[in-house]
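The next block holds one structure in the form of structure tokens; read it before the comments.
The values are calculated or read from the model by the stated rules, or taken from the named source; none is laboratory data. All figures in this text were calculated on a predicted structure; none of them were measured in a lab. With ideal geometry, Cβ positions are generated from the backbone for all residues, glycine too; neighbour counts draw on all protein chains shown.
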Amino acid sequence: MSNTKKYILTGVTLGSIAAVAAGLIAVTNLITEKKIIQNDIDAVNKGINEIFESGVVTSEESKSGYDYVNYCYNVTYKKGESEMHGYAFRCEGSNMYGKISLIAGFDETTKSFISMYLVKNEQTYASTLVEKYVNPVNEKQKDYETDVSCGATYGAKLVRDMINDAKKAANDVWSK
């Protein structure tokens, strides 16, 4: 009998601890959920402004049917005195070295890739990827398509594939 009592008491104690922990996690989620969503929105807006220099998102659309593209943002921006139009595509992907989330910008007039902004870079060689691939591509010193050898080649290939997927999505938007 005493063993049964001990097992029941142990089970009730562990169940109580689990219930309290679950309650704390739920309360923490309620407190932080809005802030996390706002931080995500701020990161996207910052990325779009980096790519389009004072770009304004005029619409947002969820995308499906692509390997990496999740969202399409219709963007209006100024280039000199002219008002220009472009698209930003939010892409997410991962490989064995970690996750990457980026925004790829495309100009509608020239139908070309402008640049990218990394929203999340959890790659093992994250700084190498940024210094030797992302920055040179954004500064037009490196071709994103062919020159992926950089010390973080798997990350660069993932970024290249994400940009190509965004390019496919841009072509689909332009063909409508």
Note: among 58, 153, 146, 109, just one is without any contact (Cβ under 8 Å) to a residue 24 or more places away in the chain, under 20 Å from residue 172 (Cβ atoms) and out of contact with any Lys or Arg (no Cβ under 7 Å at 6 or more places or on another chain), namely 58
Filter result for residue 4 (modelled with pLDDT under 90, over 18 Å from the mean Cα position of the chain (by Cα), assigned to a helix (DSSP H, G or I) and polar (S, T, N, Q)) | yes
Within the range 46-58, residues being closer than 26 Å to residue 123 by Cβ and surrounded by 14 or more Cβ atoms within 10 Å (Cβ to Cβ) number 6
Within the range 59-112, considering residues that are touching a helix residue (DSSP H, G or I) at 6+ places or on another chain (Cβ under 8 Å) and in a loop (DSSP other than H, G, I, E, B), the one surrounded by the most Cβ atoms within 10 Å (Cβ to Cβ) | 68
Quick count over the range 31-48, residues being more than 13 Å from the chain's Cα centre (by Cα) and under 23 Å from residue 158 (Cα atoms), is 0
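Can you tell which of 74, 45 is in contact with an Asp or Glu (Cβ under 9 Å, 6 or more places away or on another chain), among the polar types (S, T, N, Q) and closer than 23 Å to residue 118 by Cβ?
Result: 74 is the single residue among 74, 45 that is in contact with an Asp or Glu (Cβ under 9 Å, 6 or more places away or on another chain), among the polar types (S, T, N, Q) and closer than 23 Å to residue 118 by Cβ.
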